[in-house]
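As structure tokens, the structure follows; a few thoughts come after it.
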Amino acid sequence: MKALLVIDMLKDFIDEKGALSVGPVGQEIIPFVKEKIGDFRQKGYPIIFICDNHEKDDKEFDMFPAHCIAQTAGARIIEDLDVKDENKIIKKRRYSAFFGTDLDLYLREKGVDELFLVGVCTNICVLYTAADARNLAYKVNIYKDGVASFDEKAHEFALKEAKNTLGCQLV
């Protein structure tokens, strides 16, 4: 079975005034992400929203500005996306959606063996989620029109790395 992972489509990343905004490229992928959510919903496939969610003193803030702090507006999924009660929400504290979460268990319980990824940032959370998914033997597809980053060169590198090293399909 297939599933869609919607990675970090959160206010702090997507809003232009977000704490760690990816800029206009984040806004540009919203219609595509909405379309894919609609497609997966229509086919009855699981849709999982992956949400960065940090404590105020998270060590990640040694590298990046404070962002997506638990219980703040910046940690919320953007309003443009239609989250339904049946959608799973996974909160994470690290780059990979699998690290320290029950994502793998949830997917296996649902019979999912193929993932489709959209969201931000291509070179960080998307790439490391893809790497862990491949290490766990999932087939991984990344929608090129549904991912973005604040660093275009890193975005391009991540797509090549996902394809050439991890064996992900770029669709």
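The values are calculated or read from the model by the stated rules, or taken from the named source; none is laboratory data. Given the structure is predicted, the values throughout are model-derived calculations rather than measurements. When we count neighbours, we look across all protein chains shown, and the Cβ atoms used for this are built from the backbone with ideal geometry, even at glycine.
Of note:
- All of 148, 162 fail the test of being farther than 14 Å from residue 8 by Cα and not charged (D, E, K, R), apart from 162.
- Checking each residue in region 144-153 for being within 11 Å of the chain's Cα centre (by Cα) and either part of a helix (DSSP H, G or I) or not β-branched (Val, Ile, Thr) (or both) picks out 146, 148.
- Residue 156 in a helix (DSSP H, G or I) and among the acidic types (Asp, Glu): yes
- Hey, residue 163 at negative phi and either assigned to a helix (DSSP H, G or I) or among the acidic types (Asp, Glu) (or both) or not: yes
- Subset of region 127-142 (residues that are in contact with a helix residue (DSSP H, G or I) (Cβ under 7 Å, 6 or more places away or on another chain) and either in a helix (DSSP H, G or I) or surrounded by fewer than 19 Cβ atoms within 10 Å (Cβ to Cβ) (or both)): 127, 130, 136
- First in region 16-28 and at pLDDT 95 or above, second anywhere and surrounded by fewer than 16 Cβ atoms within 10 Å (Cβ to Cβ) and hydrophobic (A, V, I, L, M, F, W, C), Cβ under 8 Å, 6 or more apart: 20/64
- Of everything in region 104-126 that is of a type outside the set (Asp, Glu), part of a helix (DSSP H, G or I) and out of contact with any strand residue (DSSP E or B) (no Cβ under 9 Å at 6 or more places or on another chain), the residue that is surrounded by the most Cβ atoms within 10 Å (Cβ to Cβ) is 123.
- Taking region 1-103 as the region of interest, the helices (runs of 4 or more DSSP H) fully inside it that hold 2 or more residues being in contact with a His (Cβ under 9 Å, 6 or more places away or on another chain) and crowded, with 16+ Cβ neighbours inside 10 Å are 11-14.
- Taking the numbered list (1) at pLDDT 95 or above; (2) within 18 Å of the chain's Cα centre (by Cα) in turn, residue 60 passes all entries but (1).
- Cβ-Cβ distances below 6 Å connect the following pairs, each with a first residue in region 38-51 that is touching a residue at least 60 places away in the same chain (Cβ under 8 Å) and closer than 15 Å to residue 107 by Cβ, a second residue that is of a type in the set (Lys, Arg) and part of a helix (DSSP H, G or I), and a separation of six or more residues or different chains: 46/110.
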